[in-house]
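Structure first, then comments.
The values are calculated or read from the model by the stated rules, or taken from the named source; none is laboratory data. This is a predicted model, so every value here is computed, not measured. Cβ sites come from the backbone with ideal geometry, for glycine too, and all protein chains shown count toward neighbours. The accessibility values were calculated without ligands, DNA or RNA, using every heavy atom of the protein model including side chains. Shrake-Rupley method; radii C 1.70, N 1.55, O 1.52, S 1.80 Å.
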Amino acid sequence: MKEAIFTERAPRPIGPYSQAIKAGGFVFLSGIIPVRPSGEISTGEIGQQFRTIIENAKSILESAGSS
């Protein structure tokens, strides 16, 4: 059984896909780019962009009951 995962704490998908899919005890994340939940693109140093991506992944995983 598959479950689509969505959280307001990460940016909305731009296309017809989910932020993640939970299936068989696994959570499969969609491609994550450095966009804040507000829709604002994270610019500047690569380190800041990476932190934005990791924060988004963390929010999606927590929403799926994982960490």
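Which order do Val35, Val27 take when ranked by solvent-accessible area (1.4 Å probe, heavy atoms of all protein chains), largest first? Spell out each step's value before the answer.
On the way: Val35 20, Val27 40 Å².
So the residues, ranked largest to smallest area, are Val27, Val35.
Pop a pseudo-label 7 angstrom from the Cα along the beta-carbon direction at both Ile21 and Arg51 and give the gap in nm to one decimal.
It is 3.4 nm.
Mind checking the chain for GluC sites (Glu not before Pro) that DSSP puts in a loop (not H, G, I, E or B) and that have at most 15 other Cβ atoms within 10 Å?
On the way: sites: Glu3, Glu8, Glu40, Glu45, Glu55, Glu62; in loops: Glu8, Glu40, Glu45.
Here the GluC sites (Glu not before Pro) that fit, given the DSSP loop and packing criteria, are Glu8, Glu40, Glu45.
Summing Lys, Arg as +1 and Asp, Glu as -1, what charge do residues with Cβ under 13 Å from the Cβ of Ala57 carry, Ala57 excluded? Each step should come with its number before you reach the end.
Values: positive: Arg9, Arg51, Lys58; negative: Glu55, Glu62.
Counting the neighbours of Ala57, the net charge comes to +1.
Give me the percent of accessible area attributable to carbon and sulfur for the chain, probe 1.4 angstrom.
Values: 2760 of 4690 Å².
The nonpolar share, carbon plus sulfur, comes to 59 percent.
Kindly state, to the nearest 0.05, the FRET efficiency for Ile14 paired with Ser66, given R0 = 35 Å and r defined as their beta-carbon distance.
Values: r = 23 Å, r/R0 = 0.66.
Using R0 = 35 Å, I get an efficiency of 0.90.
Let me check something: with ligands and nucleic acids excluded, how do Ser67, Ser38 order by accessible area (1.4 Å probe), largest to smallest? Provide the component values of the computation, followed by the final result.
On the way: Ser67 130, Ser38 95 Å².
Listed by decreasing accessible area, they come as Ser67, Ser38.
Quick check on the chain: helices-only [θ] at 222 nm, where DSSP H runs of length 4 and up contribute -39,500 (n - 2.57) each and the sum goes over total residues. Nearest 500, please. Mind dumping the intermediate values first?
Details: 1 runs with 18 residues, N = 67.
Calculated at 222 nm, the ellipticity per residue is -9000 deg cm²/dmol.
If I model a spin label as a point 7 Å beyond the Cα along the Cα-Cβ vector, how far apart are those points for Met1 and Ile33 in nm?
3.4
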